[in-house]
Every structure is written in structure tokens, then in C-alpha cells.
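Below is one structure, written out as C-alpha cells; comments come after it.
The values are calculated or read from the model by the stated rules, or taken from the named source; none is laboratory data. From a predicted model like this one, the values you see are computed outputs, not experimental measurements. For neighbour counting, all protein chains shown are included, and Cβ atoms are generated from backbone atoms with ideal geometry for every residue, glycine included. Quick note on the areas: whole protein, heavy atoms, side chains included, nothing else; ligands and nucleic acids left out. Shrake-Rupley method; radii C 1.70, N 1.55, O 1.52, S 1.80 Å.
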Amino acid sequence: MKLLVAVIKPFKLDEVRESLSEIGVQGITVTEVKGFGRQKGHTELYRGAEYVVDFLPKVKLEVGVADDQLDAAIEAVTKSAHTGKIGDGKIFVMPLEQAIRIRTGETDNDAL
């Protein structure tokens with residue numbers, strides 16, 4: 001099992017959720033976060049004063065996937081979150097040692 005963590009632009013969330021649902025991913029955890037990458041934020045003008053917005057709004061998705069679903073999940077997120085512009089986001093993949101469904105006690109792939 002793997003834990004797929006993706007940081008994407010907020011307006012792409014629905015597209016990513018739909019594409020993950022199409023490949024059979026049943027659960028996602030979504031968190032609103034702020035951050036920056038290479039773009040290092042931007043400058044805005046407010047009431048005549050310039051100020052720097054260092055942290056841009058992003059959405060972080062956490063998805064537990066079975067090993068055989070990993071490549072399809074990465075492809076689904078990549079294609080649906082892609083805009084071709086700076087700040088599209090990143091995907092991180094980490095090993096997931098154990099998963100337990102609290103309600104039923106199911107473990108590992110059955111719990112996903």
C-alpha cells in the first residue's frame with residue numbers, strides 16, 4: 001500500500017476527485033493549505049500599498065491506494081491537475097504500513 005499526497009491548485013479539486021473516482025479510489029482526505037514552490041508567491045496592490053503574498057492557497061489531498069492502483073492514481077492526478085502553468089503542484093508517494101477501518105476492523109487493502 002502507498003500513501004499518495006498531492007498538493008494542487010484549489011480550482012482543480014473537483015476534476016481530480018472525479019478522475020480518482022473513475023479509477024476506483026474510494027476515499028480522499030482534503031486539506032486547505034498554503035505554500036509556495038518555485039514561484040515564491042507574488043506581489044499584490046491593496047489600497048495603494050504593495051505587499052508580497054508569500055504563501056499561496058493550495059489543496060492537499062491524501063489518498064491511500066493499493067500498490068496495483070498506484071500508477072493509475074498518479075496518472076489521474078497528473079492529468080486532471082495539469083494546467084501547464086507554474087504552481088500546478090506536486091505528488092509525493094510514501095509507503096503505507098498499515099490501514100485499519102475503525103468501524104469494521106478491516107485492515108490493509110480491505111480498509112482502503
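Scanning segment 12-42 for residues that are assigned to a loop (DSSP other than H, G, I, E, B) and touching a residue at least 60 places away in the same chain (Cβ under 8 Å), which turns out most open to solvent (accessible area, probe 1.4 Å)? Give the steps one after another, and end with the answer.
Going through segment 12-42, the residues assigned to a loop (DSSP other than H, G, I, E, B) turn out to be 23-28, 36-41.
Within this subset, residues satisfying the condition of being touching a residue at least 60 places away in the same chain (Cβ under 8 Å) are 26-27.
Working: 26: 154, 27: 38 Å².
Applying the filter and picking the extreme gives 26.
Do we find a residue being outside any strand (DSSP E or B) and not hydrophobic (A, V, I, L, M, F, W, C) anywhere in segment 52-63? First the steps, then the outcome.
Residues of segment 52-63 that are outside any strand (DSSP E or B), as a first pass: 54-55.
Pick out the ones that are also not hydrophobic (A, V, I, L, M, F, W, C) and you get 54.
Yes, segment 52-63 has at least one match.
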Given (1) in contact with a Lys or Arg (Cβ under 9 Å, 6 or more places away or on another chain); (2) of a type in the set (Gly, Ala, Ser); (3) surrounded by fewer than 16 Cβ atoms within 10 Å (Cβ to Cβ), index of the condition residue 111 fails: (3)
Residue count, segment 86-101 (criterion: in contact with a helix residue (DSSP H, G or I) (Cβ under 8 Å, 6 or more places away or on another chain) and surrounded by 14 or more Cβ atoms within 10 Å (Cβ to Cβ)): 5
Of residues in segment 72-85 being free of Cβ contacts under 8 Å to residues at least 24 places away in the same chain and under 13 Å from the mean Cα position of the chain (by Cα), the one farthest from residue 4 (Cα to Cα): 82
Unique residue being in contact (Cβ under 8 Å) with a residue 12 or more places away in the chain and open to solvent by 60 Å² or more (accessible area, probe 1.4 Å) when the list is 9, 60: 60
Subset of segment 86-101 (residues that are part of a strand (DSSP E or B) and free of Cβ contacts under 8 Å to residues at least 12 places away in the same chain): 100
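Here are 83, 78, 104: which of them is open to solvent by 60 Å² or more (accessible area, probe 1.4 Å), in a loop (DSSP other than H, G, I, E, B), under 29 Å from residue 24 (Cβ atoms) and of a type outside the set (Lys, Arg)? Please lay out each step first, then the result.
On the way: 83 fails: open to solvent by 60 Å² or more (accessible area, probe 1.4 Å); 78 fails: in a loop (DSSP other than H, G, I, E, B).
Only one candidate qualifies: 104.
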